[in-house]
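Accompanying notes for the structure given below.
What follows is calculated from the coordinates using simple rules that are stated; it is not laboratory data. These numbers were taken from a predicted model, which means no experiment stands behind them. Quick reminder, even Gly has a Cβ in these numbers, built from the backbone with ideal geometry, and neighbours come from all protein chains shown.
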Amino acid sequence: MELTIRIIIYAIIVLSYCFSLWLSILNYKNRNAAIPEEVNDIYDEKAYQKWHEYNMANFKFSIVTNTISTLVFLLLLITGFFPLINRISIDLVNHYELQVLFFMGFYYLVQYMIGIFTSYYQIFTIEEEFGFNKSTKVTFVKDKLKNLLLTIILGGGLVYGLASLYSNVSSMFFVYAFLFLAAILFVTNLLYVKVFVPMFNKLTPLEDSSLKTKIVEFAKSVGYEVNKISIMDASKRSSKLNAYFSGFGKLKQVVLYDTLVDKCSDEEVVSVLAHEIGHNKHKHMWSGLLQTIIQIAIYIAVLVLFFEVPVFSKAFGFSESNFGFALVMFTVLMTPLNIPISLITNYISRLHEYQADNYAATNYSKEHMESSLKVLTRENFNNLTPHPVYVKMYYSHPPTADRIRAIRKVK
Ligand SMILES: [Zn+2]
């Protein structure tokens, strides 16, 4: 039985790896497909050549990192790393929740070290070479330390909470864990712009300008109250552009990247904002929230399954069910389970993007919505010809050509 479980788990890991590799290759091969007419003016020949090189660099990089992380995980499983850190944790502390915390801490440390090397390479080699990187090594180190601190506090709190729920209310674990995770999600969402963003970036209120007047005028024309518009100094890390809405109700605010304001005309920024208001008017955040709640329920069910069936832990050298190890193994089983989940959630998300584009085109301007999409695509160096299967699996936004085609059809 234990051997069968081991074989199944190894098969899941290897097959998931092969599946993502297959998708990447499929998408990479599609790079030479004919450029759709809607987007053929985005890059000039020289820029497109550069995009091809960028695409290749990222493709190779993703294969290398994916291979390394899969190999490392298999190695940890085969060499008995997990029972080892479990014994060390038990020797170190007496307290059950702390043992789980130490166990996860050791494992996280391995992941963190790999993460430092890969993100360093990505930022200072690939992004740097193609001129997107604006970050310095000091910012990088600071970011990593702040991330580590946040993970220790939030991730540690989460693991501690789950472990303590499990040891205290094990029969009702599913219900309590669900409420616990949903509450954490809600609070972090609420505090995102107030607490977490300022740890990494500076937010300044948009000062009075022609842009602000145009934003306020448009918002008023569609009966939308803009509580707060902030500019985020995204340019200290990357030249890429974005904007988003955050929070609920009265705490809701708009965050514009300084890079967006810099590269777009006032009208283009307003159209990006109109798109965001479109999401809001269609109440997309509620369906997003519902999706997350369903996902949390599925995740906890998988976690319970791993913990309730001791053979999963025994197959990898434990004498009984281990909560920390169940948490680790849960991430393995989530990979194949995430395939149907991503297909559905990304499908819904792309549908919402069309609706938001439609809202902006109808209520503001087709022309500016289209041109802002082109600026975003160009500055973010997006793929003009992603493979349709890759899009279905990974794209939360439709490819630019599809979005422009839909915008042009708006009456
Ligand atoms: Zn959107």
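Do we have any residue at all in region 64-79 that's under 30 Å from residue 233 (Cβ atoms) and touching a residue at least 60 places away in the same chain (Cβ under 8 Å)? The answer is no, given that none of the residues of region 64-79 is under 30 Å from residue 233 (Cβ atoms) and touching a residue at least 60 places away in the same chain (Cβ under 8 Å). Determine whether region 367-376 contains at least one residue that is acidic (Asp, Glu), surrounded by fewer than 16 Cβ atoms within 10 Å (Cβ to Cβ) and within 18 Å of residue 267 (Cβ to Cβ). Yes. Picking from residues in region 401-411 that are away from the ligand (no atom under 16 Å from the Cβ) and outside any loop (DSSP other than H, G, I, E, B), the one that is nearest to residue 25 (Cα to Cα) is 401. Between 361, 326, the distinction of being of a type in the set (Gly, Ala, Ser), more than 16 Å from the ligand (Cβ to nearest atom) and touching a residue at least 12 places away in the same chain (Cβ under 8 Å) belongs to 326 only.
Across region 364-387, the number of residues qualifying as without any contact (Cβ under 8 Å) to a residue 24 or more places away in the chain and either within 14 Å of the ligand (Cβ to nearest atom) or within 23 Å of residue 345 (Cα to Cα) (or both) comes to 1. Residue selection: residue 390 satisfies the criterion of being away from the ligand (no atom under 16 Å from the Cβ), buried (at least 17 other Cβ atoms within 10 Å of the Cβ), farther than 24 Å from residue 103 by Cβ and in contact (Cβ under 8 Å) with a residue 40 or more places away in the chain. Among the numbered conditions (1) out of contact with any Gly (no Cβ under 8 Å at 6 or more places or on another chain); (2) surrounded by 18 or more Cβ atoms within 10 Å (Cβ to Cβ); (3) at negative phi, the only one that residue 405 does not meet is (2).
Beta carbons closer than 8 Å, at least 6 apart along the sequence or on distinct chains, never pair a first residue in region 257-283 that is at positive phi with a second that is within 15 Å of the ligand (Cβ to nearest atom).
Taking the condition of being more than 30 Å from residue 73 (Cβ to Cβ) and polar (S, T, N, Q), how many residues in region 319-366 meet it? Of the residues in that region, 5 qualify.
Of the residues making up region 280-308, just one is among the β-branched types (Val, Ile, Thr) and either within 29 Å of residue 376 (Cα to Cα) or within 16 Å of the ligand (Cβ to nearest atom) (or both), namely 292. Among all residue pairs at least 6 apart or on different chains, which show Cβ distances below 8 Å where the first residue, located in region 101-117, is within 21 Å of residue 137 (Cα to Cα) and the second is exposed (fewer than 14 other Cβ atoms within 10 Å of the Cβ)? Short answer, once both residue conditions are applied: 114/68. Could you tell me which residue of region 156-177 is surrounded by the fewest Cβ atoms within 10 Å (Cβ to Cβ), considering only residues that are farther than 23 Å from residue 105 by Cα and of a type in the set (A, V, I, L, M, F, W, C)? Per the stated criteria, the residue is 172.
Within region 38-47, being part of a helix (DSSP H, G or I), surrounded by fewer than 16 Cβ atoms within 10 Å (Cβ to Cβ) and either in contact with a Lys or Arg (Cβ under 9 Å, 6 or more places away or on another chain) or touching a residue at least 12 places away in the same chain (Cβ under 8 Å) (or both) holds for one residue alone: 47. Regarding residue 209, is this residue exposed (fewer than 14 other Cβ atoms within 10 Å of the Cβ), out of contact with any strand residue (DSSP E or B) (no Cβ under 9 Å at 6 or more places or on another chain), hydroxyl-bearing (Ser, Thr, Tyr) and over 23 Å from residue 376 (Cβ atoms)? No. Within region 253-279, if we keep just the residues that are acidic (Asp, Glu) and away from the ligand (no atom under 16 Å from the Cβ), the residue that is farthest from residue 205 (Cα to Cα) turns out to be 267.
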